[in-house]
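Participant: Questions regarding the structure given below will be posed in turn.
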Amino acid sequence: MNVDIHGAPIYFTIPIFGGIPITASLVVSWGVMLVLTGLCIWLTHDLKVKNISKRQAIAEKIVLTAESFVRSNMGEKWMHMVPLISAIFGLSLGCSLSSLLGFFAPTADVSVLLGWALVVFVLITYTKIKTNGFGGYLKGFCDPVFLMAPFNLLGEVFKPISMSFRHFGNILSGMVISSLVYAALILANNALFGLIPGVVGQILGDIPLLAVGIPAVLSLYFDWFSSAMQAFIFCMLTMIFIRTAAE
């Protein structure tokens, strides 16, 4: 199986569209979106005002948490951003955790994260132009003096790059570290039990006893905590940049 320049496996290409590659990142991302869509439909099905079900209670809790998150970081007038922030958080977390099921995590593909960051960048630019007008938007690059225009322009361009590479680097490094530790434990297991002579040492060497427990602890951090933290940080940066653009 071929891989693209970012390391994501390429499943097949579509010749009629110029040979567009269908990568694991694309397939898993769409799979996560379908799962999230189905989950939303299931949670919001048959809503009631009284005698609500546990399913509806969970749905209401998720919505209230998302609203509180946006309200505390952006203010009441930005409550229309709740669906976007919730979608980014759910998609990021779901894509990162997909590696637990043996899939390629789309968040380990920088092109995916760069796409998300470009969407945020468009919203930031739109907010700035809507608030200050196109002339005011261009004038903002000259603050505080005209000589700062090239540096301000570079800072604006690098904003989506820094957002995407921060997320990408943390997720990819977690995958690499977990793989290296697991491989080292396998080698240590073979070396340790290989000291036992005879068939017993050979059998025990083939059983990855040392690899039990430690990878699970690493997974708890890199796959769960780190994934949730990176989704949280990406959403925080999105809210901060958009809110700042309106000031």
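The values are calculated or read from the model by the stated rules, or taken from the named source; none is laboratory data. Small disclaimer: the values here were computed from a predicted structure and weren't measured. Every residue, glycine as well, gets a Cβ built from its backbone with ideal geometry; the counts of neighbours run over all protein chains shown. All accessible areas refer to the heavy atoms of the entire protein, side chains included, with ligands and DNA or RNA removed. Shrake-Rupley method; radii C 1.70, N 1.55, O 1.52, S 1.80 Å.
Participant: What accessible surface, in Å², does a 1.4 Å probe find on L93, ignoring ligands, DNA and RNA and rounding to the nearest 10?
Facilitator: 40 Å²
Participant: Starting with the highest mean, order 78-87, 143-152 by the number of other Cβ atoms within 10 Å, averaged over the residues of each peptide.
Facilitator: My ranking of the peptides, most packed first, is 78-87, 143-152.
Participant: Right, something else. Can you order the peptides 109-116, 160-167 by their average number of other Cβ atoms within 10 Å per residue, highest first? Display every interim value, and only then the final one.
Facilitator: On the way: 109-116: 21.5, 160-167: 18.8.
Descending mean neighbour count gives 109-116, 160-167.
Participant: Rounded to whole Å, give me the distance from the Cα center of region 160-200 to that of region 20-78.
Facilitator: Result: 33 Å between the Cα centres.
Participant: May I pose another question? Once amide H atoms are placed 1.01 Å from N in the peptide plane, what residues at a sequence separation of 5 or more from T23, or on another chain, have their amide H within under 5 Å of its amide H?
Facilitator: Sorted by chain and number, the residues that satisfy this are Y11.
Participant: Once phi is turned into ³J(HN,Hα) by the Karplus curve 6.51 cos²θ - 1.76 cosθ + 1.60 with θ = phi - 60°, what whole-Hz value does each residue of region 105-116 show in order, with x for glycine and proline?
Facilitator: Once θ is set to phi - 60°, the couplings for region 105-116 become 6, x, 6, 8, 10, 5, 5, 5, 5, 5, x, 4 Hz.
Participant: Further question on the same structure: Treating cross-link reach as a plain straight distance, find the lysines whose alpha-carbon is under 20 Å from the alpha-carbon of K61, omitting any fewer than eight places away in the same chain.
Facilitator: K48, K50
Participant: Per residue, how many Å² of accessible area does region 27-151 show with a 1.4 Å probe? It would help to have the intermediate numbers written out before the result.
Facilitator: Working: 7740 Å² over 125 residues.
For region 27-151, the solvent-accessible area averages 62 Å² per residue.
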